[in-house]
Amino acid sequence: MAGLDDLYQQLILDHYRRPRHCGVLDHPTIAVDQHNPLCGDELHVTLRIDDDRVTEVAHTGDGCSISQASASMMSDAIVGHTTDEVLAMIEHFRRVMHREVAADEDQLGDAIALEGVAKYPVRIKCALLSWMALKDGLLTHMVNQQEGR
Ligand code: ZN
């Protein structure tokens, strides 16, 4: 993708070729599927949550480099954080992709490399896919907890 910072482009390719937290958890607290029909990206994300904290995450899927690298970067960024913190990170990333705020590396980790994707409207959905999957999963989990399921 022309116009993305070289260093960031390399980071995206690195996550695409060697995804972190790749796979599927055996007994996940949350399992969620998401796909992006515009590009054909598919993702399956599993999470383990202990005491309201994300202790493990794994993702698998198929699709373009942006979607798969984003899932890897997201997984790296969220492990060890509380569900509230993770929801704030997701919201921050969403706002970065819609060019409402500048990217904050403390919140996003390597996913800061995706900031330039915001310039390419057709690719934004690719970058957001894993984060929106995670948001769906977390919100469903929180509702179920409140209802004592
Ligand atoms: Zn894509």
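Among the DSSP helices (H) of the chain, those spanning at least 24 angstrom by Cα along their long axis with an average Kyte-Doolittle hydropathy of -1.0 or more are 121-146; this is a geometric and hydropathy rule only. Modelled spin labels at D62 and C22, positioned 7 Å past Cα toward Cβ, are 1.5 nm from each other. Computed per residue of the chain from DSSP H runs no shorter than four, each worth -39500 (n - 2.57), the mean residue ellipticity at 222 nm is -15500 deg cm²/dmol. Full extension of the chain between L139 and D51 gives 30.1 nm of extra length, using 0.36 nm per residue less the Cα-Cα distance.
Each peptide among 118-129, 136-147 gets the average number of other Cβ atoms lying within 10 Å of its residues, and from highest to lowest they stand as 118-129, 136-147.
Each part gets one Cα centre, and for the stretch 104-148 versus the stretch 38-84 those centres are 9 Å apart.
Its Cα gyration tensor gives the chain an equivalent ellipsoid, and the semi-axes of that ellipsoid, as √(5λ) in whole Å with the largest first, are 25, 16, 14. Here the spin labels are modelled as points 7 Å beyond Cα on the Cα-Cβ line, and at D14 and Q146 they lie 4.0 nm apart.
Quick note: the coordinates plus some simple rules give every number you see, no bench work behind them. The structure displayed is predicted, hence computed values, not measured ones. All Cβ positions, even for glycine, are placed from backbone atoms using ideal geometry, and neighbour counts span all protein chains on display.
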